[in-house]
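Derivation of every value follows stated rules applied to the coordinates shown; laboratory data play no part. Predicted, not measured: the structure shown is a model, and the values here were computed from it. Using ideal geometry, Cβ is built from the backbone for each residue, glycine included, and neighbour counts are taken over all protein chains shown.
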Amino acid sequence: MLLNDRVNFFIFLVVLPFFTEDFSQQVKKALVTFLVVACIAHIGITYRYYYYLDKGLKEFTSARHLIKPNSTVLALSSDWWSYEIDVHYVEPFVQAVNYYCLNNGCVNLGNYEAQFDYFPVNWNKKHSGPIDYIIAWKLTTGGSVWSTDFERGGWQNIDLRALRRSLKTDYDLVYSSGKNLKLYQHKSLRKQ
């Protein structure tokens, strides 16, 4: 399905203005029947995906409790789309990084909204210095491209190649879900 995930929720509302037209009862019944069948089919299709996405989001957010307050966080992945099933319907893992920064003063360095004046964010400066935590989701060790939760390098212009090298030398693995998630902490935080 190629629908934008935001449009996906409202696609059936497009048909509602047709109810104001002066159609015969048969046409209106056919329209209502179509809407009901389409909604049920839509729920069935999305339910199939959401079962797997729910499991994936539970795994993705399983290390939230390990993040220290007022830290910087960056998520990297080789595959933002899928979890046990290929889902190109929505991208929940892209925005799920923000759960790591919820109510603890942390900053998601991949949050692209911070570069725009019209988004109400608390922190919108360029970052310098080490990144406190790296959330690695489905990160391959081969030649696959790593990306932040917005784009390669994000608005912070983070050098992902250098970060990839420093992940082995400057970071400690503090959590692994055993499957797709690894949480790395910068070694400078070990002393605190």
Review point. In region 17-86, which chymotrypsin sites (Phe, Trp or Tyr not before Pro) fall in coil by DSSP and have 14 or fewer other Cβ atoms within 10 Å?
Key: F23
Review point. Given the pairs K55/K138; K55/K187; K58/K187, which span a C-alpha to C-alpha distance of over 21 angstrom in this model?
Key: K55/K187; K58/K187
